[in-house]
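The structure under discussion appears below in the form of structure tokens.
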Amino acid sequence: MMEPMRNRSLIVVVPVFAVAVALLAGCVPDKQVDPAGVTATPSPTSTPTPSPTASTTPTDPVDGTPMTITCDQLVSAQAMYDYNPNFTPKPGYSPSSGSLAAEVARQNGVTCGWVNQTSGEVIEIAVANLPETHLTDLKNTLVTTSNSVPTYGVEGYFILNGSTGEAQAFSDPYWIVATSTAFFEPGDAEPLVKSVIAALG
């Protein structure tokens, strides 16, 4: 009578062992775990956000009064000859994009160019007729970004921007700009700036 009892016990033990194995098999983790015990979760790939491109579009309103004076009137042939006989009017001249002369043109001003027949250097002179508030804004900016020049006879400024000399003068209501790689110091532009001031009256 004892033998049947042992057989029944064996039959019971085997299913219990199989269930235990099955339970252990189901305990395999589905995520990686680092040695510290923290579950490692893959981080999403981030896409860099491009930096905004600085705008080159001028923000000042166009409020200049159209100019009717000509380049020959601003700087006569004799005045330019006295300055340097190698400079003659530049055929097909137009101001470079982003230049001071280009901003003068945008403000309904007049722009003029002369080229040195020997060196190829260009002198740009431009004049805009602007309202008082606009002139004041320009002057206030130049106080901190350029150098004051008392010898122009009016409120004037000069700075060497790279290899280009930039002279600016204000004979209200006019904004006068003279730029060239031939200008190394304020005095280089002075005769031409004074010629323009005299022409404007």
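Only one of the listed residues (171, 146) is out of contact with any Asp or Glu (no Cβ under 6 Å at 6 or more places or on another chain), under 16 Å from residue 75 (Cβ atoms) and not aliphatic (A, V, I, L, M). That residue is 171.
Residues satisfying the criterion are absent from the range 157-165 (criterion: over 24 Å from the mean Cα position of the chain (by Cα) and either without any contact (Cβ under 8 Å) to a residue 12 or more places away in the chain or over 17 Å from residue 75 (Cβ atoms) (or both)).
Within the range 177-190, can one find any residue that is assigned to a strand (DSSP E or B) and within 18 Å of residue 68 (Cα to Cα)? Yes, that holds for at least one residue.
Among all residues of the range 146-162, there is at least one that is of a type outside the set (D, E, K, R) and closer than 18 Å to residue 69 by Cβ. Every condition in (1) surrounded by 12 or more Cβ atoms within 10 Å (Cβ to Cβ); (2) more than 26 Å from the chain's Cα centre (by Cα); (3) without any contact (Cβ under 8 Å) to a residue 40 or more places away in the chain holds for residue 174 except the one numbered (3).
Readers should treat all values here as calculations from the given coordinates under stated rules, not as data from a laboratory. Note that the structure is a prediction, hence the values are computed from the model and not measured. Neighbour counts are summed over all protein chains in view; Cβ atoms, including those assigned to glycine, are modelled from backbone coordinates with ideal geometry.
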